[in-house]
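Asks: One structure, as structure tokens, below. Some questions next.
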Protein chains: 4
Amino acid sequence: MAYRAQLKVRFADIDHAGIVYYPRFLHYFHVAMEEFFEEALGIDYPQVLERHRFGLPTVHLETDFHRPLRYGDRIEVEVEVEHVGATSVRWRYTVYRLGDPEPVAEGRTVTVGLDLDRYEKRAIPDFLRQAFSRLRS
Amino acid sequence: MAYRAQLKVRFADIDHAGIVYYPRFLHYFHVAMEEFFEEALGIDYPQVLERHRFGLPTVHLETDFHRPLRYGDRIEVEVEVEHVGATSVRWRYTVYRLGDPEPVAEGRTVTVGLDLDRYEKRAIPDFLRQAFSRLRS
Amino acid sequence: MAYRAQLKVRFADIDHAGIVYYPRFLHYFHVAMEEFFEEALGIDYPQVLERHRFGLPTVHLETDFHRPLRYGDRIEVEVEVEHVGATSVRWRYTVYRLGDPEPVAEGRTVTVGLDLDRYEKRAIPDFLRQAFSRLRS
Amino acid sequence: MAYRAQLKVRFADIDHAGIVYYPRFLHYFHVAMEEFFEEALGIDYPQVLERHRFGLPTVHLETDFHRPLRYGDRIEVEVEVEHVGATSVRWRYTVYRLGDPEPVAEGRTVTVGLDLDRYEKRAIPDFLRQAFSRLRS
């Protein structure tokens, strides 16, 4: 069962064409991932960065935008962990307008484990790997 | 010959991991497209939106992030028009750190013509189609 | 009794110095105002803009930043309407870290009524004036 | 003689009311300050942060917004150092639409010297103080 973060489209998210500026969708994905860590995994992402010095920068990204979002729309961003590899995690994000079963946008990202002190690739730590697998079972 | 927009990585572009927040790359793509309209096509994009009531929202997006950008980096964003269809334009963006031949990030987007009054699909107007084709010859 | 909006400091809000980028505080003020309209006034701000074609752009702004905010901080933004004039509204915003009585930042703004079709000054509409005064009593 | 940074109002800077979102002005101030360091002082601000571990967070801010900015506007942001104290610097920013002598917005900020390792107040370093005073003479 996938986790869904609830967000609101804000005044500032709208661009000159009157719809959500598309890079904001990627920001929504990130905010949803932050909520997912806290709510679904029970892990404080700021602490992962600061204490464990571990980050998950995005190395690949694909998104399909099916229809525009407007100011005042309430949205849900579904977060799914598709695959946890040795040093990478594949994510899937699906954006819904609240109460509408048709997705507004669908995205996939690949993030890699990064040692934040050395800026080198680092294996996904065990506590994270276990939290991800608890989620599936 | 592709057009290159020159940008600087700003203080605010950096995230908590000390590197450019990945949605900012998509913003760089958009800024580079704005510069491309002005400098390479000789067309004022704000006027396209306001007078012609024509927009080009993004419906598909793919990006590979090869290496991080840091505060103070000077970058070039290469903009290429890969294909102009009846109602869509396919773009390619390649980000370079100034003086470094290896790309930092590579992206592709598909944008569709939109009537900004009716929010309906609209064919690429002739003046734009001609400007795009002058560019190739 | 003042209204308080609850927000979280997001990954992207942090700048290269490791603290919240100060223009983000002004964004927090705006988001808190959007919540205030919905939750305290019971008025849908997007509808104010779209149906009533009425906006409240900021013409004056003062802020004191007492201490930094960091990634993961949960904050409350207190919103107070200090004065409703013929064509202007004066606001006060106070940012607290959750559970800490000392304010993190304090701001005042003056917004003026704007006709969004003509971009001319416009008196505060009665439905808004009444909603503001119900709040005080 | 004051320094002026030249900027363009970008597509993403526009909000749902069709004008520049007011927190973006504060971002323009910061970008203008970054340019001022590089162009007027001849000092690389990223290096100030990274090598000297010295930052200048904003503790006070006042802005008057005289008229709106729109998409496509070219602007100049004038940067003046009003006062250099023991641990603080007072700045003045004036935004002009290119070719128009009437200011669009006027701001003042106070920034304080910060040790970025200890997050404690720190005196303005001599190399900075000297660069500021060369500017006045």
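The values are calculated or read from the model by the stated rules, or taken from the named source; none is laboratory data. Everything numeric here is computed off the predicted structure, so don't read it as measured data. No Cβ is skipped: glycine too gets one built from the backbone with ideal geometry, and neighbour counts run over all protein chains shown. SASA here: full protein model, heavy atoms, side chains in, ligands and nucleic acids out. Shrake-Rupley method; radii C 1.70, N 1.55, O 1.52, S 1.80 Å.
Asks: Yes or no: B:TYR119 under 21 Å from A:ARG24 (Cβ atoms), buried (at least 19 other Cβ atoms within 10 Å of the Cβ) and hydroxyl-bearing (Ser, Thr, Tyr)?
Replies: Spelling it out, it is not the case that B:TYR119 is under 21 Å from A:ARG24 (Cβ atoms), buried (at least 19 other Cβ atoms within 10 Å of the Cβ) and hydroxyl-bearing (Ser, Thr, Tyr).
Residue by residue, here is whether (1) more than 14 Å from every other protein chain (Cβ to nearest Cβ); (2) exposed (fewer than 14 other Cβ atoms within 10 Å of the Cβ) holds:
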| residue | (1), (2) |
| --- | --- |
| C:PRO57 | no, no |
| C:THR63 | no, no |
| C:GLY85 | yes, yes |
| C:LEU128 | yes, no |
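Asks: Which one is nearest to D:LEU98 (Cα to Cα) among residues in the stretch D:8-19 that are under 20 Å from the mean Cα position of the chain (by Cα) and open to solvent by less than 10 Å² (accessible area, probe 1.4 Å)?
Replies: D:VAL9
Asks: Look through the stretch D:35-44, keep the residues that are open to solvent by 10 Å² or more (accessible area, probe 1.4 Å) and within 13 Å of chain B (Cβ to nearest Cβ), and return whichever of them is nearest to C:GLY18 (Cα to Cα).
Replies: Restricting to residues being open to solvent by 10 Å² or more (accessible area, probe 1.4 Å) and within 13 Å of chain B (Cβ to nearest Cβ), the top hit is D:ASP44.
Asks: Give the residues of the stretch D:97-137 that are among the hydroxyl-bearing types (Ser, Thr, Tyr) and either over 19 Å from D:TYR22 (Cβ atoms) or without any contact (Cβ under 8 Å) to a residue 60 or more places away in the chain (or both), sorted by residue number.
Replies: Within the stretch D:97-137, D:THR111, D:TYR119, D:SER133, D:SER137 meet the criteria.
Asks: Now for a separate question. Would you mind finding the one in B:VAL48, B:VAL31 that is of a type outside the set (Lys, Arg), surrounded by fewer than 19 Cβ atoms within 10 Å (Cβ to Cβ) and farther than 22 Å from A:ASP115 by Cα?
Replies: On the way: B:VAL48 fails: surrounded by fewer than 19 Cβ atoms within 10 Å (Cβ to Cβ).
Matching residue, one of B:VAL48, B:VAL31: B:VAL31.
Asks: Search the stretch C:76-95 for residues that are without any contact (Cβ under 8 Å) to a residue 40 or more places away in the chain and pair each with any residue that is buried (at least 17 other Cβ atoms within 10 Å of the Cβ) and assigned to a loop (DSSP other than H, G, I, E, B) when their beta-carbon atoms are under 8 Å apart and the residues are at least 6 apart or on different chains.
Replies: C:GLY85/C:ILE124; C:ALA86/C:ILE124; C:THR87/C:GLY113; C:THR87/C:ARG122; C:THR87/C:ILE124; C:SER88/C:GLY113; C:SER88/C:ILE124
Asks: If you don't mind, there's one more thing I want to ask. Looking at the structure I just gave you, is A:ALA105 among the aliphatic types (A, V, I, L, M) and open to solvent by 50 Å² or more (accessible area, probe 1.4 Å)?
Replies: no
Asks: Oh, and also: Out of C:ARG67, C:ARG53, C:ARG4, report the one residue that is under 22 Å from D:LEU26 (Cα atoms), open to solvent by 50 Å² or more (accessible area, probe 1.4 Å), more than 10 Å from chain A (Cβ to nearest Cβ) and not aromatic (Phe, Trp, Tyr). Show your work before the answer.
Replies: Working: C:ARG53 fails: under 22 Å from D:LEU26 (Cα atoms); C:ARG4 fails: under 22 Å from D:LEU26 (Cα atoms).
Residue meeting the stated conditions: C:ARG67.
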